[in-house]
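*Asks:* Quick one: the structure is below, questions incoming.
Please treat every number below as a calculation from the coordinates, not as lab data. No experiment lies behind these values; they were computed from the predicted model shown. Counting neighbours? That spans all protein chains shown, and the Cβs are built from the backbone with ideal geometry, glycine included.
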Amino acid sequence: MSDTVYYVTSNQSTIGYRLQGEGAPLVLLHGTGGDGEANWSGVVPYLINRQLMRPDYPGSGLSAPSLGALDLDTLVHSVMAAVDDAGFECFDLAGFSLGAALALRLAKRFPGRVKRLALVNGFAHAQDARSVEQFSLWHRLAMHDRPALAGLILLTGFSADFIADLSHEELRQMREAIVTNTCWPAMIQQIALDMTLDVTPDLAFIDHPTLVLGSRLDHMVAPSASRFLAKRLSRSWLEWLDCAHLAPMEAPDRVAKALAGFLDAPAR
């Protein structure tokens, strides 16, 4: 299932997005430091009978850098510019990690456009002590020691068994790929956004059927963050994967199965 790349202008920045497949529209939002290809390419082949859109945030992947400060509302405008350019009137929306917070903000701002939500290893805020420590460390390493941050992402983003099964060369190549392919200015902006965002007040306004998909072995975003979302959202269903934070890359088939099982089911 090949994709086609399109570009649209939002807030004087050029936003790139990938579009592929046929069927009901599903928009896939990526996480911190990633892009639509890096985070979702493994999942896409399993999502059949869907028209899939993968927009990249300003400065990430296909998209030009933002001319101003990055916040959730700027990202909402960027995603909606791509959605409108593609001609989607209503669509399902799935967000991974930072993308989950963005999906929640977008659903609050445009409730009539979003049909169902799926939040994969998401979080409402990162003000707890552990998250503050983690993202502060990420920010320092992104500024001063990117190979060390790449190693940390691998060790905490994937499950221990997944990493242990890799050869020394495979692990080295994965670390080098992160160092080489990451859009570091955008990642630094997105880390700063992680540290300040809080969509907790938005949750009371969201009445969409929502799948909260957490990972029991998550060492980047505590599993309690998924439980918090499920408790605060009025129409949520909580499901678990036995893998780590980077589930769309570690277990794309299981992520796709959970998404399809929820999004393609009869209305709840």
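*Asks:* Over all Cα pairs of the range 3-46, how is the pair count split among 5 Å bins, expressed in % and running from 0 up to the last occupied bin?
*Replies:* Distribution as computed: 5, 17, 27, 28, 16, 6, 1 percent.
*Asks:* If one computes the Cα centroid of the range 19-81 and of the range 148-180, what distance in Å separates the two points?
*Replies:* 24 Å
*Asks:* Roughly how many whole Å is it from the C-alpha centroid of the range 186-238 to that of the range 106-125?
*Replies:* 10 Å
*Asks:* While we're here: Let me spell out the model: positive unit charges on the Cβ of Lys and Arg, negative unit charges on the Cβ of Asp and Glu, origin at the Cα centre of the range 1-134. What dipole size does that give, in debye rounded to 20? Don't skip to the end; give the middle numbers.
*Replies:* Details: 10 positive and 13 negative charges, 70 e Å.
Roughly 340 debye for the range 1-134.
*Asks:* In straight Cα distance, which lysines are under 21 Å from Lys257, not counting same-chain residues fewer than 8 positions off?
*Replies:* Hits, sequence-local ones excluded: Lys115.
*Asks:* Over the chain, what is the mean sequence separation of C-alpha contacts under 8 Å (at least six apart), divided by residue count, expressed as relative contact order in percent?
*Replies:* Details: 529 pairs, mean separation 55.4, N = 268.
Dividing the mean separation by the residue count of the chain yields 21 percent.
*Asks:* Send over the per residue convex hull volume for the range 78-175, Cα only, as a whole number of Å³. Display every interim value, and only then the final one.
*Replies:* Values: hull volume 14.6 nm³, N = 98.
So the per-residue hull volume is 149 Å³.
*Asks:* Can you tell me, using C-alpha contacts under 8 Å and at least 6 residues apart, the relative contact order of the range 211-268 as a whole percent?
*Replies:* Numbers: 63 pairs, mean separation 21.9, N = 58.
Reported as a whole number, the value is 38 percent.
*Asks:* How big is the range 132-175 by Rg and Dmax over its Cα atoms, in Å?
*Replies:* Rg then Dmax for the range 132-175, in Å: 11.4, 32.
*Asks:* Using every pair of alpha-carbon atoms in the range 153-229, split the distances into 10 Å bins beginning at 0 and state the percent of pairs per bin, rounded to integers.
*Replies:* With a bin width of 10 Å, the distribution comes to 14, 32, 35, 16, 3.
*Asks:* Same structure, new question: If you add up the charges near Asn11, with Lys and Arg at +1 and Asp and Glu at -1, over every other residue whose beta carbon is less than 13 angstrom from its beta carbon, what do you get? Display every interim value, and only then the final one.
*Replies:* On the way: positive: none; negative: Asp71, Asp73.
Net of charged neighbours comes to -2.
*Asks:* If you consider only alpha-carbon coordinates, what radius of gyration and Dmax does the range 1-91 have, in Å?
*Replies:* 12.4, 38
*Asks:* Going by C-beta contacts inside 10 Å, put Phe91, Phe123, Phe262, Phe96 in order with the fewest on the left. Mind showing how you got there, number by number?
*Replies:* Details: Phe91 18, Phe123 26, Phe262 21, Phe96 29.
Ordered from fewest to most neighbouring Cβ atoms within 10 Å, Phe91, Phe123, Phe262, Phe96 come out as Phe91, Phe262, Phe123, Phe96.
*Asks:* Below 8 Å between Cα atoms, with a sequence gap of 6+, how large is the relative contact order for the range 1-157 in percent?
*Replies:* On the way: 267 pairs, mean separation 32.8, N = 157.
Over the range 1-157, the number comes to 21 percent.
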